[in-house]
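In what follows, a single structure is set out as C-alpha cells and then discussed.
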Amino acid sequence: MRILVAEDEPGIASFLCRGLTAEGYACLVAGDARTALALAEAEAVDLVLLDLILPDRSGLDVLRVLRARDARLPVMILTAREDIESKVSGLDHGADDYLTKPFAFDELLARIRALVRRDQVNAVVLRAGDLVLDLKERLARGPDGQAALSTREAALLEVFLRHPNQILSRAQITSGIWSPEFDLESNVVDVYVGYLRRKVPWPPGVGLETIRGAGYRLRVD
C-alpha cells in the first residue's frame with residue numbers, strides 16, 4: 001500500500017515515513033503542492049496524508065484537485081490548525097478524516113487502518129501491491145498483463161485481497177462463495193486456488209501461499 005505524505009516540514013515528513021515504512025507501508029513524500037499532485041497522478045497512491053499549509057498552494061486546493069480526479073481516494077488532513085472552521089472546511093472539501101498536530105503515531109495508524117477498511121469494503125477495484133482486481137469487469141491486472149476470471153474465481157481472489165497477509169481457513173474462504181452445505185473436506189478450494197495461481201498475472205512480491213494444516217494466505221511483500 002502506497003501512502004503519499006504532502007508535508008513541507010522535512011523533519012515531520014521524515015518521521016512519518018520512517019514510522020509508516022516500519023509498519024509495512026510504502027511512502028512517497030512531497031514538499032509542495034505541485035509535487036504532491038504530480039506524484040498522485042503518476043503513482044498508484046492508496047491514501048494521502050495532506051498538510052493544509054504548503055509553500056506554493058493551499059492544501060485545500062490540492063484536495064479539490066484530488067477529489068476531481070478520484071472521488072474515492074482516502075485523504076486525511078494533518079495540520080496544526082485547531083480551529084473548528086478549518087476542520088469543517090477540510091471535511092466539506094472532501095477530506096475523509098482530520099488529525100491535529102501534534103498527534104500520537106498510534107492514533108494515526110489506527111485512523112489509516114480505519115480508512116483503508118472503509119475503502120476496501122466499498123471498493124469496486126481492489127489492490128495488493130501491483131495486483132489489481134476489477135470486480136465489475138472480473139479482471140485481474142498485473143504489470144505483465146491481465147486475465148479474465150470466472151465469477152467464482154473473482155469472488156475467491158476478492159476474499160484474499162480483502163485479507164492480505166492473513167491465514168484463511170477453508171471455512172473462512174468458502175463462506176459467502178459456496179453454499180452452506182459445501183463439503184469442507186472436498187478439494188474444490190484447492191482446485192480454484194490452482195486456477196488463480198495459473199491465470200492471475202502475479203506481480204513480484206504477491207502470491208498465494210499454502211499454509212499446511214491451516215489454509216491459504218495472500219502474501220504481499
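The values are calculated or read from the model by the stated rules, or taken from the named source; none is laboratory data. Please read these numbers as outputs of a predicted model, since none were measured by experiment. We place every Cβ from the backbone using ideal geometry, glycine too, and count neighbours over all the protein chains shown.
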- Query: Going through the range 151-163 one residue at a time, which ones are of a type outside the set (S, T, N, Q) and either modelled with pLDDT of 90 or more or assigned to a helix (DSSP H, G or I) (or both)?
  - Reply: Arg152, Glu153, Ala154, Ala155, Leu156, Leu157, Glu158, Val159, Phe160, Leu161, Arg162
- Message: Need pairs with beta-carbon distance below 6 Å; first residue under 13 Å from Leu108 (Cα atoms) and within the range 1-22, second of a type in the set (Phe, Trp, Tyr); sequence gap 6+ or separate chains.
- Response: Ile3/Tyr25; Gly19/Phe105
- Mind checking whether some residue in the range 20-30 is of a type in the set (D, E, K, R), crowded, with 18+ Cβ neighbours inside 10 Å and either at pLDDT below 95 or part of a loop (DSSP other than H, G, I, E, B) (or both)? no
- Task: Find all pairs meeting these conditions: Cβ atoms under 9 angstrom apart; at least six residues apart or on different chains; first residue within the range 48-65 and farther than 24 Å from Met1 by Cα; second residue surrounded by fewer than 18 Cβ atoms within 10 Å (Cβ to Cβ) and of a type in the set (A, V, I, L, M).
- Result: Ile53/Ala80
- Query: Just one of the numbered conditions (1) closer than 30 Å to Lys199 by Cα; (2) part of a loop (DSSP other than H, G, I, E, B); (3) in contact (Cβ under 8 Å) with a residue 12 or more places away in the chain is not true of Arg81; which one?
  - Reply: (1)
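At pLDDT 90 or above, more than 21 Å from the chain's Cα centre (by Cα) and among the aliphatic types (A, V, I, L, M): is that true of Ala148 in this structure? Walk me through it before giving the result.
Values: at pLDDT 90 or above: yes; more than 21 Å from the chain's Cα centre (by Cα): yes; among the aliphatic types (A, V, I, L, M): yes.
For Ala148, the condition - at pLDDT 90 or above, more than 21 Å from the chain's Cα centre (by Cα) and among the aliphatic types (A, V, I, L, M) - is met.
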- Query: For Ala44, which of the numbered conditions (1) within 18 Å of Met1 (Cβ to Cβ); (2) surrounded by 18 or more Cβ atoms within 10 Å (Cβ to Cβ); (3) not charged (D, E, K, R) fails to hold?
  - Reply: (2)
- Item | Any chance Ala128 is touching a Leu at 6+ places or on another chain (Cβ under 9 Å), more than 25 Å from Ala71 (Cα to Cα) and at pLDDT 80 or above | no
- Would you mention how many residues in the range 112-154 are farther than 17 Å from Ala26 by Cα, in contact (Cβ under 8 Å) with a residue 24 or more places away in the chain and charged (D, E, K, R)? 6
- Message: Would you confirm whether or not the range 96-112 contains a residue that is touching a Leu at 6+ places or on another chain (Cβ under 7 Å), among the β-branched types (Val, Ile, Thr) and not assigned by TED's automatic domain parsing to the domain that holds Glu158?
- Response: yes
- Message: Criterion first (in contact (Cβ under 8 Å) with a residue 40 or more places away in the chain, charged (D, E, K, R) and more than 22 Å from Arg162 (Cα to Cα)) does Lys87 satisfy it?
- Response: no
